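Below: one structure, written as structure tokens.
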Amino acid sequence: MFGIGKNIIEGAFNTTGDLAGSVINAGGNFADQISNFGGKKIKGKVILMRSNVLDFTEFHSSLLDNFTELLGGGVSIQLISATHTSALDSRGKVGKKAFLEKWLTSIPPLFAGESVFQVNFTWEDGFGFPGAFFIQNGHTSEFFLKSLTLEDVPGYGRVHFDCNSWVYPSGRYKKDRIFFANNTYLPSDTPNPLRKYREEELLTLRGDGTGERKEWDRIYDYDIYNDLSEPGDGRPIFGGSQFPYPRRGRTGRPRERKDSNYESRLPVVSGLNIYVPRDENFGHLKLSDFLGFALKSLVSTVQPALVNIVDFSPGEFDKFQDVHNLYEGGLPVPLDVFRNLTKDFTPPMFQELLRTDNDQRFLKFSPPQVVKEDKFAWQTDEEFAREMLAGVNPLIIRRLQEFPPKSKLDPNMYGDQHSKITKEDIKSGLEGLTIDEALNQKRLYILDHHDALMPYLRKINSTKTKAYATRTLLFLKNDGTLKPLVIELSLPHPQGDQFGANSKQYFPAEEGVQKSIWQLAKAYVVVNDAGYHQLISHWLHTHAVQEPFVIATHRQLSVLHPIHKLLVPHYKDTMFINAFARQVLVNSDGLLEQTHFQSKYAMEISSHIYKEWNFLEQGLPTDLIKRGVAVEDVSSPHGLKLLIEDYPFAVDGLEIWSTIKTWVTNYCSLYYKDDNAIQNDVELQSWWKEAREKGHADKKNETWWPKLQSFNELVETCTTIIWISSALHAAVNFGQYPYGGFIPNRPTISRRHMPEVGSAEYKELESKPEKAYLKTINSMLQTLLGVSLIEILSRHASDEVYLGQRASIEWTSDRAALEVFENFGKEVSEVENRIIQRNKDVSLKNRSGPVNVPYTLLLPSSTEGLTGRGIPNSISI
């Protein structure tokens, strides 16, 4: 036997294919011959992708697979009846095994990397409707099973199974893998023969909460954030303690010896191998393009090289043109010097960041949109204010409803933290209105980062960071734009927190040193906003809060459940990108700490802000009303009247929100005819209970959670989840490079405080204002690292699926659902056309602003790459 196997394998290596081809053809003919015996046959078509298509190092596996195929191991499938039970119990009757045929001589694939195989099933009279199937992988490596389609099933015609899952060798599983036909059933409507299978599959996905997870495991479970740091480095554990946090996916890795409360960390070079259920991992296209490995390369290879590069350069930017040179010529360091500084700079996917025209300069970045047409417009007050409405963090600005602004911090702990801005400070900028008139006419607004940062500011400033807690007051002008009136910079009192804040006010100026001081004041505001954006608006309020819903959905909602089918496209890649973020981005000394002012207190601050998190307030209409920038108005589109009419994020966002809500309403109404159906849905109720009590365990007692007892609550809940995964994440992610790629426009770090009159720093500000500005914000190293990071994060992958689209056109057999979804796609396209038209309206000054960058972040469609537009279905980067 082993001699035969050896000959076959050697033949595969040493011939042009004739030997292997003749043997396989013989096997195929034999399969055709045996298919003529027995009862009626029905044909099936299997589409899969073999692992050796994805990983060329597994060529030996494919050869062994050929050998086992000849011995009859192969891939077998057994149909399961949804209408007839077995003689032993209430489970559906299981048919005879059928094997994939012509493994190496399959018909031409539909897409690159896919293979199509034929399978012939022996059909037994009275088998009924095939509602599921078992599959066994007798090969030595895994494959990605895309679908099984049966043709001419007696009494039913065509039956399709949408699978989209990795299938490992059968020895890796305790039970055979099962897949269900793409029908949709509430638990109570499930055909009796399938009920046990449905329940058992969910039990498999939940696991038992023990052991270290392996790559072939399909287990979804919860854990706390105890994997970000090593014991003793000063960072706490997040979740289940005084530092509340959403739960993350459990890996079960061994605990640290020094402190068993901490989970051991993987080496950086193993970053892409962190456990998530395999179906939650990046697809092969995203892994094969530069997105997946570029992040890993940035940490393990490029970052150390950048540190050394600074040693070959002045180490600081002296003028804004030095920063522009990053986009116009690249770094003034010879590429061969860089190559000598790196030991293993080979990942081809990182070549995007190594654009070079010659060997004298390298790392030539793409020009960010904010400076593409005008190098200086970013410095204007109008652009500074516009980006609060149409930039990468348009979620913070709120209407000022009392003057002066008040703090909500506990005065017993922090003393007087109320603003010290006076009426005299701003009255000249109100265009003739009094303070009270401006308040009553809803024309005063504030960007307020004071309370979020003050409790941690003393700690932050004990590091190399020198930051302020900021408040910025703005006036809504008659032309719809915002005008900054005053910036207040505050520090903790030097004698202790209980003595309140030391605050100073800064005002717009257009010439002399006062202009330079005003530019610095705006920079301190943007540093606050950039840090809050990355840590809270982006990481916490999209990535982190969504992961519990991903886990709960897979644990409690069967793939047959209509809400599973509704939500699961909006979870693609989220668990993996979050796991990877824990490895290199939000971890101790990770890229976020190194490139943002919060430094080692970043995650601790996000835990502090999570205490105030409210799921309902992440829905756009509720958020706008809470911030006072909109009021309920049944006569207005979407039931809201915007108080800043030209608010691009809100205007476009409300259209997207309403379109999503209409789709969710129409879809859910197909399955839930009244509130009782929702209340009696055991899977749905278990899902929502677990998401609250386990996924967001530290917030489980909050009274604001929807009870999920009515149709309206279900629609609002699902709409909010989809909104967070798609449009909200797109709004705060894909504009990072267009606006922040030019660091002077959106600095993330401040290294020194405002210079005092008479100091050397003040004299430098008078004589060399650009140099003083650049010495205050990100250093050259921090700039290179930060810009490299956000250029990666702002890109769309080649396999992205956008709002209004599905990866599979046969995701359900329900024609009514397919029709509703088709209408949703059409409505999304119509929204896109209306956004494009609004961007052409020159009267809407906030749409493009002085920098002439149209607001495109909520345009649903996009191409691959750095586009500044596009709403992917899920949080996938």
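Brief remarks on what is shown
- Pairs with C-alpha atoms separated by more than 22 Å, drawn from the list Lys97/Lys565; Lys459/Lys611; Lys214/Lys258; Lys41/Lys174; Lys175/Lys196, are Lys97/Lys565; Lys214/Lys258; Lys41/Lys174.
- For segment 790-874, the Rg and Dmax computed from alpha carbons only, in angstrom: 15.5, 50
- Each part gets one Cα centre, and for segment 706-769 versus segment 211-272 those centres are 28 Å apart.
- When you restrict to C-alpha pairs under 8 Å that are six or more residues apart and normalise by the size of segment 578-699, the relative contact order lands at 10 percent.
- Global form of segment 400-472, assessed from the alpha-carbon gyration tensor, a/c cut-off 1.5: prolate
- Accessible area per residue for segment 491-605, computed on protein heavy atoms with a 1.4 Å probe, is 25 Å².
- In loop segments of segment 768-833 as defined by DSSP, the GluC sites (Glu not before Pro) with at most 16 further C-beta atoms inside 10 Å of their C-beta are Glu810.
- Solvent exposure of segment 759-877 as accessible area per residue, Å², 1.4 Å probe: 39
- Packing here is the average count of other Cβ atoms within 10 Å per residue, and on that basis the peptides 509-518, 590-599, 369-378, highest first, run 590-599, 369-378, 509-518.
- Residues of type lysines that Lys442 reaches as a straight line, Cα spacing below 27 Å, ignoring anything fewer than 8 places off in the same chain: Lys406, Lys408, Lys420, Lys423, Lys427, Lys477, Lys483, Lys504, Lys522, Lys626, Lys641, Lys845
- Of all accessible heavy-atom area on segment 469-623, the percent that carbon and sulfur account for (1.4 Å): 48
- Filtered trypsin sites (Lys or Arg not before Pro), segment 400-431: DSSP coil and at most 10 other beta carbons within 10 Å: Lys408
- Distance between the pseudo-spin-label points of Val842 and Glu230 (7 Å out from Cα toward the beta carbon): 6.2 nm.
- Dipole of segment 754-877 computed with +1 at Lys/Arg Cβ and -1 at Asp/Glu Cβ about the Cα centre; of Ser779, Gly758, Ser808, farthest Cα towards the positive end is Gly758.
- Cβ-Cβ distance of His753 and Glu617, R₀ of 41 Å, FRET efficiency by 1/(1 + (r/R0)^6): the value works out to about 0.75.
- Summary of the geometry: segment 494-528 and segment 559-596, compared by the centres of their Cα atoms, lie 36 Å apart.
- Normalised by the number of residues in segment 433-563, the average gap of Cα pairs under 8 Å and 6 or more apart makes the relative contact order 17 percent.
- Principal axis dimensions, segment 89-207 - Cα atoms, whole angstrom, descending: 42, 38, 24
- Gyration tensor verdict on segment 572-633 (Cα atoms; rounded if a/c is under 1.5, prolate if a/b is larger than b/c, oblate otherwise): prolate
- Net charge dipole, segment 105-213: roughly 300 debye, given to the nearest 20, about the Cα centre with Cβ charges of +1 for Lys and Arg and -1 for Asp and Glu.
- Rounded, prolate or oblate (a/c below 1.5 giving rounded, otherwise prolate when a/b exceeds b/c) for segment 465-564 by Cα gyration tensor: prolate
- Our compactness index for segment 722-877, the C-alpha radius of gyration over the empirical 2.2 N^0.38 Å, is 1.41.
- Euclidean distance of C-alpha centroids, segment 790-854 and segment 426-477, integer Å: 34
- In whole percents, the pair-distance distribution calculated for segment 538-648 from its alpha-carbon pairs, binned every 5 Å from zero, is 2, 10, 14, 15, 14, 15, 15, 10, 4, 1, 0.
- Virtual paramagnetic centre 7 Å along Cα→Cβ of Lys406, amide N under 19 Å, in segment 481-513: 500-501
- Rounded FRET efficiency, nearest 0.05, which uses the C-beta distance separating Ser710 from Lys45 and R0 of 30 Å: 0.10
- Accessible area per residue, Å², segment 608-689 with all protein chains present, probe 1.4 Å: 40
The values are calculated or read from the model by the stated rules, or taken from the named source; none is laboratory data. Quick caveat, the model's predicted, so the values are computed rather than measured. Virtual Cβ from ideal backbone geometry, glycine too; neighbours counted across all protein chains shown. Side chains included, ligands, DNA and RNA excluded: accessible areas come from the protein's heavy atoms. Shrake-Rupley method; radii C 1.70, N 1.55, O 1.52, S 1.80 Å.
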